[in-house]
């Protein structure tokens, strides 16, 4: 009954029911701030449905995982068949797939994965198959495929599969145990079988192992044969435990017991139930007995024999045939004689040793599947030999009808019920336990954090409310006390400060709420809104009337100061009309006024100004209901007498900005590629437009006009004046226009001066970039020329034609009105001052007497510099780079460019100086570029192909560089020597061990380039000393020492053979490479004739041999090399013909191809 409540699905259902009850009865008490999501029936119902949906999704996920695991296992079982499958094998595969499909339909999604699995192992002929056939198990596939084993396919083709309704039994091939026919193949198949189990049944690959051994083997095998069986079975069990990583029960089944003489006769009286019972020994579960299983077996086996003896008399009485009675009588003694053999076999096979894993032997059982063959009676055989009795007469030949003995209940009642006794993969379980424990800890930690967070949030919110309450308590008297209408500013400030402090304290976390104050407990929004409302009401009631009153007083007192009057009137009208409200400007005006009003108490003025800015910052616009129209009219009348050119220009700046249609983009006017040449030094993007106020079109529109209302439009604040702010008289308007024009032109000139000073050439970081800049700037559509033409167009305002002047706009007509005005004031021409200021730039683009502007000559100089820089390289490597530059005419072009730069106005002179300053550096970079191009075309590809990942330059490589390629690359006329001689030799000082650049001229190349060319020169000096194009080395080999256990040592180097037998050492002259190029062998012959050796092959075999040997230096030409193989060693002196040898100059082997110069 308790087992039912341990079912996982039942526990999960109970948990869901409990959780649903908790949600239903306690959900209404759960709240997040003002939100109670589970207060209603619908909310709780949805929550419960979500819980069940999540549980169902998780269950479905587990179900799908089980299906995938089972499908993967089925695919693996049937998907590894050999490609050369014959018809019989194809039929086996088809039947196997049909069986699995049938089992899947009958068992559900888990099928192969959920049923317990048992592996049956035993030597060939041990009766495994016979026992299963006669086991009495229910085979669901019997009607479809017959009551026989299903041959495996793919990776299990040497296993027989027995599918029952209770378990899957894998009858492995007998040779898997012995592995005596083809050990490597059998072992590989066995390992593949174990890997299949471990891969797809990770948690519990198998549920037990049945080890079978026939009684025939026990009776007839020699001690050595039994020993071999013990070792084989023990190995297989150990491999199962090691690879599957679990501990499983083992059931030792002795089969073919009917071949023990007297078995059939002794048990012939048993009915079906008697034959179905278990005959054997079941050991206690692990941990319940400390005695060795061999001792337990001996005791229990004696009990089995005792029970046999107790049954002898009754059987003798039942049996009438004399010969059968004779055999029957001796059966207990024959079984007793097996005790020693069985005890020895069990002890050696299943008991733990110092090296093997302990085996959980659950029992020893005796069975008989069918009765075939002649029983073996060693006792009667001995008597027959002694007394001359015919052995055939001692044992009855008749076997009777085949019946199974002691099999049915063994599997169904003993083995299968213990399917859960097998352990699980401890690594997998540890991983799962870790994940589960971490999950539990995470959930508990999250719950703890949530509770702690709520507690902390409650404490913080309580403290916050206490602080607000305390602040309110402190300022309660001041905040609630009414303020008299004639109260001073100090009293108003005290009241406002009190309200402000309460509001500030209540809104302390308005912008950024700490995480630990949230979690549904924060009430600051409601409290803060209430405090802000009280503060704003105080501002409207106390501060705003005083500000308005003060502005009115200021307006009355500023009638003689129009500039101040204009600001006060504008501020007053903003408060009267929210449509013209500008909070920033209004706040600045009021602040300035308050600071002047309380100049003796700046803190008071600052505090009141801050409160007023808070008033302006509220969401609702600030305005006053009543306006003193008489005061406004008086102020406007006073302002209409004032001059406002500066105000007009300020207003125009906002109208003619960068978004105006007449705004100008210099990057587009300068043409394609200008962004690669020019930039703004101040960091302003080159693409930023010039505001329309400072463009020719904007200037013409403002000063020439296309609309008679344009002049009035200058006064963007005309609403302050109440309309009609422009002077009505022609002379007054002329003066206003002239003043405005003068100020506008000064502003225009200042802007363009600042912009031109901010122009510069982009930084040149590479030769290619320098060439690109010079190519573009000196081209037919030179951005420099177009830029100067654009500047000329924007700063040049020529004299208008008379007709055009007569047809000008209102501004021009204003300047031409009233003959009296012309007589009293000189008439200005719009833009004349601007043209005069920039006339030096205008002359650069103006067409001269020769038909071309001066800028073309400058661009020609730039073109010459580009041509010389681009054409350099014809004499690279022959002379000093500076000489080459001078010879090519480059210095002359640079000198002319510098001279032009000194004569030109800003910004052209500065731009040309920047270009000239890069000239010499460009030339040197160009030289390096030419050298790099030659190196990459003529040297680098071949060098990488022959050197990279090739021995000896890569000691770990198994691929050698061919000697002919080695000579072609490093020989006297090789690629590296030729390139160095033709291009770099005049620039490099090679007289020292460490090469360096002459006179410090690097051309921008790193010193590492010279290191690699020096190594290439060392390779030439070492391997090509004779001046030949093929590498060659001469040296001698002289024995110095030979292991005393060695009779003879032989060293063969490319066909030259040195043989040493502990005699006088004789040197061997060797020429590398030899006649038989590509083979070096060092061989030792010991006293027993064993010949360990070390073999090296390839054109560089001698150097591989030296690399594997231990080499020590004796002199510049002599080295001691120790060769070893098979635990023996020999030492030889290697003496080169020259001090320039590869062992003295080891740095050569570290050569690698420079990626660039």
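The values are calculated or read from the model by the stated rules, or taken from the named source; none is laboratory data. Note that the coordinates shown come from a computational prediction; the quantities given were computed from them, not determined experimentally. Here the Cβ positions follow ideal geometry from the backbone for every residue, glycine too, while neighbour counts run over all protein chains shown.
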- Task: From 219, 259, grab the single residue that is within 27 Å of residue 343 (Cα to Cα), touching a strand residue (DSSP E or B) at 6+ places or on another chain (Cβ under 9 Å), buried (at least 17 other Cβ atoms within 10 Å of the Cβ) and modelled with pLDDT under 85.
- Result: 219
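A quick yes/no check of all residues on (1) outside the structural domain of residue 943 (by TED's automatic domain parsing); (2) surrounded by fewer than 20 Cβ atoms within 10 Å (Cβ to Cβ); (3) at pLDDT below 90:
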{"residue": "1096", "(1), (2), (3)": "yes, yes, no"}
{"residue": "1101", "(1), (2), (3)": "yes, no, no"}
{"residue": "1105", "(1), (2), (3)": "yes, yes, no"}
{"residue": "1109", "(1), (2), (3)": "yes, no, no"}
{"residue": "1119", "(1), (2), (3)": "yes, no, no"}
{"residue": "1125", "(1), (2), (3)": "yes, yes, no"}
{"residue": "1130", "(1), (2), (3)": "yes, no, no"}
{"residue": "1145", "(1), (2), (3)": "yes, yes, yes"}
- Message: Test of understanding: among 611, 580, which residue is at pLDDT below 80 and either over 22 Å from residue 498 (Cβ atoms) or in contact with a helix residue (DSSP H, G or I) (Cβ under 7 Å, 6 or more places away or on another chain) (or both)?
- Response: 580
- Item | Any hit, the stretch 520-539, residues being assigned to a loop (DSSP other than H, G, I, E, B), crowded, with 16+ Cβ neighbours inside 10 Å and either in contact with a helix residue (DSSP H, G or I) (Cβ under 7 Å, 6 or more places away or on another chain) or not assigned by TED's automatic domain parsing to the domain that holds residue 622 (or both) | yes
- Being farther than 30 Å from residue 227 by Cα, in contact (Cβ under 8 Å) with a residue 60 or more places away in the chain and over 60 Å from the mean Cα position of the chain (by Cα) narrows it down to one of 310, 273, 321, 265, so name that one. 265
- Lone unmet requirement of (1) in the same structural domain as residue 1115 (by TED's automatic domain parsing); (2) surrounded by 17 or more Cβ atoms within 10 Å (Cβ to Cβ); (3) free of Cβ contacts under 8 Å to residues at least 24 places away in the same chain for residue 1044: (2)
- Would you mind stating whether residue 1037 is closer than 21 Å to residue 1143 by Cα, in a strand (DSSP E or B) and either at pLDDT 90 or above or touching a helix residue (DSSP H, G or I) at 6+ places or on another chain (Cβ under 9 Å) (or both)? yes
- Please indicate, with yes or no, whether at least one residue in the stretch 586-608 is closer than 30 Å to residue 465 by Cβ and in a helix (DSSP H, G or I). yes
- Query: Quick one: would you say residue 324 is farther than 30 Å from residue 206 by Cα, part of a loop (DSSP other than H, G, I, E, B), at pLDDT below 90 and out of contact with any strand residue (DSSP E or B) (no Cβ under 9 Å at 6 or more places or on another chain)?
  - Reply: no
- Consider residue 269 carefully, then state whether it is surrounded by 14 or more Cβ atoms within 10 Å (Cβ to Cβ) and assigned by TED's automatic domain parsing to the domain that holds residue 343. no
- Can you name the helices (runs of 4 or more DSSP H) wholly within the stretch 735-829 that have at least 3 residues being at pLDDT 65 or above? 767-777, 783-795
